Amino acid sequence: MISLVKPKIKYKVLLIAYKDVDKKIKDIITKYSVLNIQDKDIVLRQTKYPGSGRSFDLNDRISIYLGWFKDRIVEKLDKGYTLDIIEIHKSYGNRIEQVLSALPLIYGDDIVVLDMQEV
């Protein structure tokens, strides 16, 4: 059965990889970051499983995001990129997503939006 009800989207989650960018651009990328990833240890050590109910918090969401993006994170780290997981609340609208999505058009391979999920 196909549901005609539009799912409630609370967050948009982006995985962005970057290298060789100046401080101003890095500040734009990291403003809404929930996790900065510079080495594989954070991905490999991630063993916490999400809670549920009232105890479900940002740390639980980050664990889920790391699970979603693990392979892409490791691949880009091997190529010398730094990565950030960006979480944008729906109340911010699409403006922030549009800015972040436009950066690769300007900076080429120095900034890559690897994935975007709606939660």
### Query
Where Rh denotes the Kirkwood radius from the mean inverse Cα pair distance, what is Rg over Rh for the chain?
0.99
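How high is the relative contact order of the chain? Use alpha-carbon pairs under 8 Å, at least six apart in sequence, and give a whole percent.
Working: 149 pairs, mean separation 59.7, N = 119.
Here the relative contact order equals 50 percent.
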### Summary
One would report the antiparallel percent of DSSP beta bridges in the chain, rounded to the nearest 5, as 100
#### Entry: Per-residue [θ]222 nm for the chain (sum of -39500 (n - 2.57) over DSSP H runs n ≥ 4, rounded to 500)
-12000 deg cm²/dmol
### Query
Could you give the distance between the Cα centres of region 75-119 and region 17-31, to the whole Å?
10
### Summary
Once amide hydrogens are built 1.01 Å from N within the peptide plane, the residues lying 5 or more places from Leu114 or on another chain with amide H under 5 Å from its amide H are Leu15, Ile16, Ala17
### Query
Lys31: which aspartates and glutamates have alpha carbons under 16 Å from its alpha carbon, excluding same-chain residues fewer than 8 sequence positions away?
Asp22, Asp84, Glu87, Glu97
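The numbers here are math on the coordinates, done by the rules we state, and not lab data. All figures in this text were calculated on a predicted structure; none of them were measured in a lab.
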